Structures are given as C-alpha cells and as structure tokens.
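Structure first, then comments.
Read the figures in this text as sums done on the coordinates, not as results from a lab. Not measured: the values here are computed from a predicted model.
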Amino acid sequence: MRTEDCTTLLWESWTLGIEAWAVIGLRMSVLATGDRRAQAEATRMVAEKIDAAAQLQWRALTGRLGADPLAGARQSIAHYRRAIRKNRRRLARRS
C-alpha cells in the first residue's frame, strides 16, 4: 500500500468521525427531551445501526467491497458516510 493511499484513508476515516460527531450532537438534542419523539429517535437509531452493519456485512460476503483491503476500507467508509449524511440532513431539518 502506498503512503498516499494510507494518508487518504486516514483522512477519510477522520472526516467520517467528525461527521458522525455532528450527528451525535444533533441526535442528543432530540434525545434529551425524553418525549415520544425522543423514544422514536432512539428506536430508529438502533434499527439503523443494525441495518447498516448487516448491509455492510452482506456486501463483504458477496465481494462487493472490492478486491483488496484498501478498496474494502474505502467502500466501508463510503457506506457509513451515506448513512451519516442522510441522518445529518434529516436531523438538521427537524432542529
């Protein structure tokens, strides 16, 4: 693996973490209310996490993550980034 590939993968991972923390912040403002919307968000959050993990596992088992470790890592990051961005847009609209 080239140094550039490792650096790019590191950057993609780091930015994914930052995006995830933004969603956590948005989600915490909903969960902190403790009302029915908070319960619905908590239920949705758990279901989404299980679904995202199952989908990624299926992609890995069917060879759709790529032929080498770098491609697999990038595809995994892209998979979770799509879910995180979708949640960020949804939660930002509701805030």
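Using a ≥ b ≥ c from the Cα gyration tensor of the chain (square roots of the eigenvalues), is it rounded, prolate or oblate, where a/c under 1.5 gives rounded and otherwise the larger of a/b and b/c decides, a/b for prolate? Oblate, since a/c reaches 1.5 and b/c is not below a/b. Between helix 3-31 and the chain, what is the angle of the helix's C-alpha long axis to the longest principal axis, kept within 0 to 90° and rounded to the nearest 10? Value to nearest ten degrees: 10. Measuring nothing but how far apart in sequence close Cα pairs (under 8 Å, 6+ apart) lie, relative to its length, the stretch 12-94 scores a relative contact order of 42 percent. In the chain, the DSSP-assigned H stretches of four residues or longer account for a calculated mean residue ellipticity at 222 nm of -30500 deg cm²/dmol, using -39500 (n - 2.57) per stretch and the full residue count as denominator. Helix 36-61 and the long axis of the chain differ in direction by around 10°, with both axes built from C-alpha atoms. Annotation for the stretch 68-95 versus the stretch 1-62: alpha-carbon center distance of 7 Å.
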